Amino acid sequence: MAASGTAFPAPAPRSPSAQNIAARIVRSRLARAAAAAVMCLWLASILLHSAAAAAFAIGRVACADCRPVVAATFEARIVTLLLFVFVSFVAMPLYIVLNAEYDSIEEKKAPSPKCITAEAMEVLCGPLSLGLLAALAFASLAAIGDLLQSDWAIWGLRERFGFVISIVGIMGMSTMYCFVIVPALSLRMWRIRQQLMLQHSGASKVYDLLE
């Protein structure tokens, strides 16, 4: 096991596919527009699903007796979730390719490789990682609340207690996605855009990969 101050070994040669795909996207106006549309739709689907989940939770509290309102917000959650899943089949591989090329460029610019501890802390303490961890915690809380509301609720806890836990979990998860995760992803994509445009098109060209 490497010591905490040990630097990373030199990375293995990367496949040129990621670099080629990134270069083609940057150099083609049509590819840039397509990439922009996919990534914006992906981020929008996350926001819409989070907002629909929050509206569903609020509707269950404020309009519990108004079944059409609760049913409408529940259907909105399903539709936005399907949209997110559908777009993710294209957006996630695209994000992985562009992010890999961005990391490769940053490694070449770095004066020396980072140690294992510094690299791990930089990743784990970033807003995106912290937001995802918090969202996972709230999702677990919502799942526990739903479990306590089931017919086979354990430990004899009241259904109302499980209802409150579920609402808190849903609202917390929606808040993390709307105000932490999506902004962090947007900032990351903006940095990727800037770096790739400078790398593949030259500093004198100002194109917008994700506008």
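The values are calculated or read from the model by the stated rules, or taken from the named source; none is laboratory data. As the structure is a computational prediction, the values presented were derived from the model and not from experiment. Ideal geometry is used to build each Cβ from the backbone, glycine not excepted, and the neighbour counts take in all protein chains shown.
Apart from one condition, residue 26 fits all of (1) of a type outside the set (Ser, Thr, Tyr); (2) modelled with pLDDT under 90; (3) surrounded by fewer than 20 Cβ atoms within 10 Å (Cβ to Cβ); the exception is (3). Contact annotation: residue pairs with Cβ atoms under 7 Å, 6 or more positions apart or on different chains, pairing a residue in the stretch 180-198 that is more than 15 Å from residue 44 (Cα to Cα) with a partner that is part of a helix (DSSP H, G or I) and of a type in the set (S, T, N, Q), are 192/99.
I need the full set of residues from the stretch 179-196 which are of a type outside the set (Gly, Ala, Ser) and surrounded by fewer than 17 Cβ atoms within 10 Å (Cβ to Cβ), in order please. Spell out the reasoning first.
Within the stretch 179-196, the subset of a type outside the set (Gly, Ala, Ser) is 179-183, 185, 187-196.
Within the stretch 179-196, 179, 183, 187, 190, 191, 194 meet the criteria.
Would you be able to say whether some residue in the stretch 52-65 is in a helix (DSSP H, G or I) and closer than 30 Å to residue 193 by Cα? Give the steps one after another, and end with the answer.
Here is the first cut: in the stretch 52-65, the ones in a helix (DSSP H, G or I) are 52-62.
From what's left, closer than 30 Å to residue 193 by Cα: 52.
The answer is yes; a qualifying residue exists.
Being over 23 Å from residue 128 (Cα atoms) and among the aromatic types (Phe, Trp, Tyr) is the filter; apply it to the stretch 34-80 and report the residue that is surrounded by the most Cβ atoms within 10 Å (Cβ to Cβ). It comes out as 56.
Residues satisfying the criterion are absent from the stretch 71-87 (criterion: touching a Cys at 6+ places or on another chain (Cβ under 7 Å) and either part of a helix (DSSP H, G or I) or at pLDDT 90 or above (or both)).
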